[in-house]
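Only one structure is covered here, and it is reproduced in the block below.
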Amino acid sequence: MGLTFLDSSMEMYISVISLIVSLTGTFFILRLDWRRYGLLYTIAGMLGIILCFIFEKVGFYSFPYIFMPFSRIPVIAVLTAFSFYVILGVRYSPVNWVHKIAFYGVIVNLGVLLETVLKNTTRLIHYDFEWDFWDSYTSWWGFFILMEWIGGKLIPQHLRAPIPAEAFRSEQWFWFVIHFVAIFTIFLAGLYLGLTMPDQ
């Protein structure tokens, strides 16, 4: 079959960069406690693969290009990028659930934005049977809230570095992050839906 995935395409370079960034970030978090964070990393990866496999099997979406294509789903990407994103979120998630929702709003919005950009500009993912932006958005929320709950059971407080509540107050640094991401992603979501809706 040959190494057809090493085709010097944009998809290949995105996959390689994602792999390097994810593994590097994962290393710095796992060295805090490789057993606990490693278990969370593994759970996130396995659950991500199961969900991805089910959604692909049902026909919700497909993956025209897969880096290291030994499966119909991007196993490497799920095991590295998604798992890293999960442990990164758990590591810095604030203590209070009100602040957690705002924090994960940033994580989910940026994740869905990246997925939408990749869907529209690359061969990495393609939405198929009755799957759209809102289905993906809802799935991201469910997945990360579940991972946060599991992470809360596995990772003790001394191994976490929660963003302090003060950072969420008016005109503090994370307050600006929340509002910038919300305004930017809502604007782009509206633009995207406007461009993709069929003419009446």
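The values are calculated or read from the model by the stated rules, or taken from the named source; none is laboratory data. Given the structure is predicted, the values throughout are model-derived calculations rather than measurements. Cβ: placed from backbone, ideal geometry, glycine included. Neighbour counts: every protein chain shown. Heads up: the accessible areas ignore ligands, DNA and RNA and are worked out on the full protein's heavy atoms, side chains in. Shrake-Rupley method; radii C 1.70, N 1.55, O 1.52, S 1.80 Å.
Reported count of residues in the stretch 31-42, each being in a helix (DSSP H, G or I), touching a residue at least 24 places away in the same chain (Cβ under 8 Å) and surrounded by fewer than 18 Cβ atoms within 10 Å (Cβ to Cβ), is 3.
Screening the stretch 130-170 for residues that are outside any loop (DSSP other than H, G, I, E, B) and hydroxyl-bearing (Ser, Thr, Tyr) and picking the one that is farthest from PHE63 (Cα to Cα) gives THR138. Residues satisfying the criterion are absent from the stretch 150-165 (criterion: open to solvent by less than 40 Å² (accessible area, probe 1.4 Å) and more than 22 Å from ASP33 (Cα to Cα)). Taking first residues from the stretch 94-113 that are farther than 18 Å from ARG160 by Cα and partners that are among the acidic types (Asp, Glu) and assigned to a helix (DSSP H, G or I), no Cβ contact under 8 Å between residues at least 6 apart in sequence or on separate chains turns up.
Restricting attention to the stretch 52-71, the residues being open to solvent by less than 70 Å² (accessible area, probe 1.4 Å), aromatic (Phe, Trp, Tyr) and not in a loop (DSSP other than H, G, I, E, B) number 2.
Selection of the stretch 17-30 for residues being open to solvent by less than 50 Å² (accessible area, probe 1.4 Å), over 24 Å from GLY152 (Cα atoms) and not hydroxyl-bearing (Ser, Thr, Tyr) yields only LEU19. Within the stretch 130-149, restricting attention to residues that are within 17 Å of THR42 (Cα to Cα) and surrounded by 16 or more Cβ atoms within 10 Å (Cβ to Cβ), the residue that is farthest from the chain's Cα centre (by Cα) is GLU148.
For the stretch 171-189, a residue qualifies if it is open to solvent by 100 Å² or more (accessible area, probe 1.4 Å) and in a helix (DSSP H, G or I), and the qualifying residues are TRP173, PHE176, PHE180, ILE183, ILE186, PHE187. Scanning the stretch 72-129 for residues that are hydroxyl-bearing (Ser, Thr, Tyr), part of a helix (DSSP H, G or I) and surrounded by 17 or more Cβ atoms within 10 Å (Cβ to Cβ) yields THR80, SER83, TYR85, TYR104, THR116.
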